[in-house]
Each structure stands twice: as C-alpha cells, then as structure tokens.
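K.L.:
One structure, as structure tokens, below. Some questions next.
Read the figures in this text as sums done on the coordinates, not as results from a lab. What you are looking at is a predicted structure, and each value in this text was computed from that prediction instead of being measured. Ideal geometry is used to build each Cβ from the backbone, glycine not excepted, and the neighbour counts take in all protein chains shown.
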Amino acid sequence: MARQLEHFPNLVAMFLDRAQTNGDAPFLWAKQDGAWQPTSWARAAEIVSSLSEGLKALGLQRGDRVMLVSENRPEWCLADLAIMAAGCVTVPTYTTNTERDHAHILENSGARAVIVSSAKLARTLLPAVLRSTACDHLIGIEPMRGAQGVQTHDWAGLIEAHPADLAATAAAALTLARDDLACIIYTSGTGGAPRGVRQHHGAILHNVAGCIDIISEDFFWGEEVFLSFLPLSHAYEHSGGQFLPIGLGGQIYYAEGLEKLASNIEETRPTIMVVVPRLFEVLRARILKQIEKQGRFATYLLDQAQGIAERDLAGRSRWTRLMDTPMELLLGRTLRPKIAARFGGRMKAMVSGGAPLNPEVGRFFHAMGLTLLQGYGQTESGPVISCNRPAAGIGMETVGPPLLNTEVRIAEDGEILVRGEQVMHGYWRNDQETARVLKDGWLYTGDVGHIDARGRIVITDRKKDLLINDKGDNVAPQRVEGMLTLEPEILQAMVHGDRRPYLVGLVVPDPEWLADWAAREGIAQPVGKDDPRLARALQAAVDRVNGGLSVIEKVRRIIVADEPFAIENEELTPSMKIRRHVLRARYGERLEGLYKK
C-alpha cells in the first residue's frame, strides 16, 4: 500500500481518492453539546470543493498564500485541503502567536487571505492583518464582525454560495505536481524569528508512504482511529496527525484540549497516537502515583514488569523468556489490562517525536505492554526522517531506521545528513539560511549521531545546543534535563554552564509534589520560591540524579523558577521545547550568580 501512494500527484488527489472510496463513512469527529459528531468523507469532499471555488471567486490565484489560524477542529483540515485544491499555499500559524508573530508571518509570507476560527483568535490577528501590505480577505469559520480595511467573509456563506463540483475539483487537482509548494510552515524556533519552511506536496506524501510502510510491516492494518491534540500548525501533527490518517483512510477525532485528553482517549479509543515526550513523562508520573497508592502488590507487579521490559529490550534468551512466562501471564491478567484501558484498549502504537524521549520513559511504557515508537525528524524534512519499528528491534536509545526511500549519512564531524523527496526546497525568502542547511541535495540537520549495527539512527547531541565547559568538554543539556524531570519533585528544568567550570540549573517544582511536601512539613501554602527548605528538598532530588551522571554532567547548584515554563510566557515552543534564549534572558543573571557562592 505504501508504494501505491506514490502515484498520487499531490495531497488533494490522495484525499479525493480516499473520499470516493469511503463515501458516507465517518472521517472527522468533534464533540458538540457533549456528544461526538462525525463529518463523513463524502461531505468533507463537498465542503473542500465548495470552499476551494469560493477562494478562487475572491480572486485568489495559483501560488497565493492563505494563512490559517485555528485550534484543532474539522474545519482546520477542510480549510487546509480547500486552500491546496484552489492551487494556493497554506500558511498555518499557532493560536498562541502574539500580534507581532502574526505580523511577521503575514508580511514574510505575503499572504493574501486569512482563515480564522473565532472572534477570540481574531482579536490578536486583526491588528496585524490591518497593517499587512498584502492581505485583503478575512474568512471567519465562526461568525465575526467585519473590520474596516479588510473584506470579511463568512465560512458557511462562502461554501453555500459555491455548490460542490467534485469533477472540476479533481480535474484542477491533477494540475498540481509533487514538486509544487503545498504549505509554508513557520518553525516556532528555540531562538530568533520563525523561518518559513517550504514543504512541497511530495515531501508530505513521502512521509505518509514511509509511515504506512512501518504500519504495514509491523501491525495489522484495519480501521485506524487517530486522536488529534498536538497543534496542527506544527509539521509533526500536520503530516502525522492529518495526512497519515487520510492516506490510511482512517478517522480523526479532535481532542477537546489537554485538560480533557485522558477522558478523550478513553472515549475515542484511538489505534495510533502521535505525541511528544513531555506527555509521556506526565502520564508516567500519574500512573506511578496511582500504582503506589494501590499498595505493595501493585508495586511488586510494577517492578516485575520493568525487569521483564529491560531484559526484553536487551534481547531475552529463549530460556529467560520461558522463566518469565508465569509472570507475563499474571501481568496480562492484572496490571497491563488496567493500563491498556486508560489508553482506550485498542492502541497499536504511540509514536513519540518532536523532542528526544528519555529511554527510561520508553522502557516504562514497554513494561506496561504498550508499543512506544520513537521517531526523529524536523520541519525541514516533512518532518519524519526515521522511526523505530518492532521488526527492526525497538531500541529506546535509538530513533530507528530511516523511512522508506530516505538516505542518511554521517558527516566527518558526526552531523546527520538526509537526502530524499521529503527534504524541503528551502526557506521562504531566505536564501542565506537555505544555503547553510541545503548542500548538494543533502539536508544538514544540525544533529550529531551515528548509525548502529542494525541500521538505526542514534542521536547523541544537538550541535547548537551543546554546552562546552571551561575545559572544552561537551555536555548535551537535554539528557541531563530529561533525567531531572523524571524525579517526582521536578516538573521542568534547564541547565546552564557554557564556558563555565560546572553546570547549574533552573528548576520548576512539580505542583502536586509541592502540595504534598508542604502538608507533610507543615509549611503554609503558597511556598515561596526562595524558601531554603524548598531549595534543600529540590537539591536532594538533583543529587539523586547526579549519582548517575558523569563529573562534567553533574548539576552543582540550582535556583527555583518564578513560574512554570509555558507557551504563554514564550518559554516553551508550541511543541513543548524549552526556549533557552528566553530563559537565559530572564534568569541568566541569577544563574551566573550561582558561580559566585
């Protein structure tokens, strides 16, 4: 099936093919008035056809950019497909963007129109639209008032005014080639202004084919159900959470939000989930707490499950497997079914990407009987480059073999280079940066690693994130930070120490642990961040981690953050990576002060 996808000239053609095959079967689901309501494949195709004609009626031409500002919902997918069906280029942006962010992307992309979901999101967007030199149209998915200086259109009215003509839409779609630009995805970036990555239709189709190749190889491919909750404006969710389900002919449920994610998982019972490591860390912490509350027997079962997982990942012998069989049977009747039920009961695989996964977290979920596959990529590569798969042997320290039809080689300095159809054609209106990362058809990823004996990529460092101490030793901060956040006391962490004699850290206490600790110690809430008792308790957690670190990785001293790192305070990217330059600007003086004590 993966190879059959290669005949599609573009993403719209793939969608129309699946819509014709699936007809009235459900495709997109959203919760309305407390109940999940579907949009069928056939109805979705009609909306895409009508909306694409509506966009052309507004005067939009082939190649024009259309900005899309919306939370995850069925209309996001329909708008994206309609923009492409009209021959235009989607410019997705985050709902958390500031007015300044919107202004930069509007001006840089030259978007002629914007589709926005609600009046609430339009409040931040509209001032940027009015200052834009190119944007003439604002289309509201939900009703909103017009604004002087821009033509405002109603989503439903635009669709109603242009009856669907699927034959004409399909014919128009055939004029788009795989090399044609599909979208410009602005990387949220851990530093500097966002850059627009030019993703062509073939880049995303290549990713879809490669991912389906993995599913076909390792799992029974049936009626696939996805739960979409990562921002669709991120390349990872855009390709993996939207176009992969379309390629599979699957269904997409749109989560109500992170706070309702756990209940949404149990309700929708997804078969595949695309997630980021931070979610796994949070889920692991919650599961561990629940197991501990159930008493000694539950804790004993957990220890046994983790022991079996470690032996399994290391390669159990036939004799060891035989010895583990009685405990496997017991776990299969006690602990594991309860965990599986929390994930809907029919989960085939959860794919982790967007940031490095701590191997200990991966081993934990393997112990719980859940298949956790770590992938690797970046927006500039569609975004998927590689992914673990059971047939190749799941190694929690690796990110798996390269995707189908993807070349990977290691440069002399250890940098990972990638070549294939999924590699971007460059950054939008940024020739200098394009020339820096694209050389002779190879994408220079900026990641450092090697390929193991089984053909799996192992990432050891990130070139630009490396800390180099005053003795010239390299330290990978993400590894240390990942170990710190596995401690129950620590929610988030950043280490600091470039050109310094040792590492120091910035930590955010876990709020649940903090409440329990304060109650035990008889300390009134809220606990001040400068309370020496809190500092000692957190340092004790850091010292536990230090016991498993090399001398150059040990974190000698810490300070407590003023507040959690968040997207809203611009200390996290929308894919939950820490923005080091923002944190350094805010806390740099205090961190440097730790070296004077």
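K.L.:
Nearest 10 degrees, 0 to 90: what angle lies between the long axis of helix 201-218 and the longest principal axis of the chain (Cα atoms)?
P.N.:
The angle comes out at about 50 degrees.
K.L.:
Given Cα pairs under 8 Å that are at least 6 residues apart, what percent is the relative contact order of the stretch 3-186?
P.N.:
Relative CO of the stretch 3-186 lands at 24 percent.
K.L.:
Using helices alone, what [θ] at 222 nm do you get for the chain, with -39,500 (n - 2.57) per DSSP H run of 4 or more residues, divided over all residues and rounded to the nearest 500?
P.N.:
-12000 deg cm²/dmol
K.L.:
Given axes a ≥ b ≥ c from the Cα gyration tensor, I'd like to know whether the stretch 154-259 is rounded (a/c under 1.5), prolate (a/b larger than b/c) or oblate.
P.N.:
Rounded, because the longest to shortest axis ratio a/c is under 1.5.
K.L.:
Over the chain, what relative contact order in percent results from Cα pairs under 8 Å that are six or more residues apart?
P.N.:
Dividing the mean separation by the residue count of the chain yields 11 percent.
K.L.:
Quick check for me: using +1 on Lys/Arg Cβ and -1 on Asp/Glu Cβ, what's the dipole size of the stretch 466-596 about its Cα centre, in debye to the nearest 20?
P.N.:
Charge dipole, the stretch 466-596, about its Cα centre: 540 debye, nearest 20.
K.L.:
Amide H neighbours of LEU503 under 5 Å, at least 5 residues apart or on other chains, H built in the peptide plane: list them.
P.N.:
Sorted by chain and number, the residues that satisfy this are ARG556.
K.L.:
Using bins 10 angstrom wide from zero, how does P(r) for the stretch 3-186 break down, in % of all Cα pairs?
P.N.:
10, 38, 36, 15, 1, 0
K.L.:
On to the next question. I'd like the antiparallel share, as a percent to the nearest 5, of DSSP beta bridges with both residues in the chain.
P.N.:
Details: 41 of 78 bridges.
Here the antiparallel bridges make up roughly 55 percent for the chain.
K.L.:
Moving on to the next point. Quick check for me: using +1 on Lys/Arg Cβ and -1 on Asp/Glu Cβ, what's the dipole size of the chain about its Cα centre, in debye to the nearest 20?
P.N.:
Approximately 1300 debye in magnitude.
K.L.:
Same structure again: Can you pick out the pairs among LYS260/LYS348; LYS260/LYS529; LYS260/LYS293; LYS289/LYS338; LYS56/LYS439 whose Cα atoms lie more than 26 Å from each other?
P.N.:
Listed pairs above 26 Å: LYS260/LYS529; LYS56/LYS439.
K.L.:
List, in order, the whole-Hz ³J(HN,Hα) value for each residue of the stretch 434-442 obtained from phi through the Karplus relation with A = 6.51, B = -1.76, C = 1.60 and θ = phi - 60°; use x for Gly and Pro.
P.N.:
4, 5, 6, 9, 10, 9, 6, x, 9
K.L.:
Relative to the longest principal axis of the chain, what angle (0 to 90°, nearest 10) does the C-alpha long axis of helix 277-293 take?
P.N.:
50
K.L.:
Could you pull out the GluC sites (Glu not before Pro) across the stretch 142-244 that fall in loop regions by DSSP (anything but H, G, I, E, B) with no more than 13 other Cβ atoms inside 10 Å? Kindly include the intermediate steps, with their values, before the conclusion.
P.N.:
Working: sites: GLU160, GLU217, GLU223, GLU224, GLU237; in loops: GLU223, GLU224.
When the GluC sites (Glu not before Pro) of the stretch 142-244 are filtered for loop state and at most 13 Cβ neighbours within 10 Å, GLU223 remain.
K.L.:
What whole-number distance in Å separates the alpha-carbon centres of the stretch 55-113 and the stretch 310-354?
P.N.:
First find each Cα centre; the distance between them is then 44 Å.
K.L.:
Only loop residues by DSSP count here, and only those with at most 16 other Cβ atoms within 10 Å; note down the trypsin sites (Lys or Arg not before Pro) in the stretch 62-113 that meet that. If you can, show how the numbers build up before the last one.
P.N.:
On the way: sites: ARG62, ARG65, ARG100, ARG112; in loops: ARG62, ARG112.
Passing both the DSSP loop test and the Cβ count: ARG62.
K.L.:
About the Cα centre of the stretch 3-186, how large is the charge dipole given +1 on each Lys and Arg Cβ and -1 on each Asp and Glu Cβ? Please answer in debye to the nearest 20.
P.N.:
320
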